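The values are calculated or read from the model by the stated rules, or taken from the named source; none is laboratory data. On a predicted model such as this, the values are computed, not experimentally measured, just so you know. Glycine gets a Cβ as well: all are built from the backbone with ideal geometry, and neighbour counts include every protein chain shown. What goes into the accessible areas is simple: the full protein's heavy atoms, side chains included, and nothing from ligands, DNA or RNA. Shrake-Rupley method; radii C 1.70, N 1.55, O 1.52, S 1.80 Å.
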Amino acid sequence: MWEPIRFLLFSTVETMAALTLMLSIFRLKAVKYVLPALFIGLVMNLQSYILREEMSLSYLAPAISTLLYILLITTVVRVPILWAAIISITGTFLYTLVQAIMIGLFFGGVDTADLQNSAEGSLLQAITSASVFAISFVLLKFKIGFIADFERLRLKWEHVLVIVFIVGSLMASTFMFYYNDLFLMILYVSMAAGLFLYYALKKEREELEDD
C-alpha cells in the first residue's frame, strides 16, 4: 500500500521540479501554473507507475512523460508546440544530468538499478528536486536564461495538431488502463485530457478574437 503512495509523492515533487527547471531556463515562472501542473503531474506519475510495476514497460515512461510535458507547456503555458518540445527535451536532459551528478556524489556505491524502487531512490528524487528548485530560483532571480520569440515557431494549424495529440494520448492511456482493469485511472486520464482540451480550445478562441 505504501509503495504506490511513496512513488507518487516523490515522483510528483520530481515532476514539478523538472517543469520548474524547464520553464526557468527560458525565463518563464512555473508558479503561475502550479495547480494544472500538479494535476497533470499526478496523472503522469500514475501512468509511469503502471507502466513500470504492472506492465514492465518502464522504457516507455520517459517518452510518455516528455509528451505530456509538451502538451502541458503548449496548452497551459501557451507556448507553440515546437518550442514546447524544445523546452521539454532541454529541461528533461538537464534534470537527468543533475540527477546523475547527485548519484555520483551521494550514491556512488549503490547500483543504479537498485535505486528505482527503494527508499534510497526516493531520497535521490528529493535531493535532486531540491537542487533543481534551487537552480531554478537562481536562474529567475538573476535573470539567467534564454529569451526566445516563441511566436516565430507557431504553426498555422497548431491547435488542431495539439487536439490530435491529446485525443491520441487519451485513447492509448485508456487502452493501457483498461487492459490492467484500473477504471479509476481511466477517470484520471479523462479529466487530464479534458483539462488539456479546455486550454487548447480556450487558446484557439482567444486567437480568433485577436484576429
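Quick notes on this one:
- The string of couplings for region 83-98 from the Karplus curve (6.51, -1.76, 1.60, θ = phi - 60°) is 5, 4, 5, 4, 4, 5, 5, 4, x, 5, 5, 5, 4, 4, 5, 4 Hz, one whole number per residue in order, with x for Gly and Pro.
- Two-site FRET efficiency, ALA148 against LEU105, from Cβ-Cβ distance with R₀ of 25 Å, rounded to 0.05: 0.20
- Probe 1.4 Å, all protein chains present, accessible-area order of GLU53, GLU14, largest first: GLU53, GLU14
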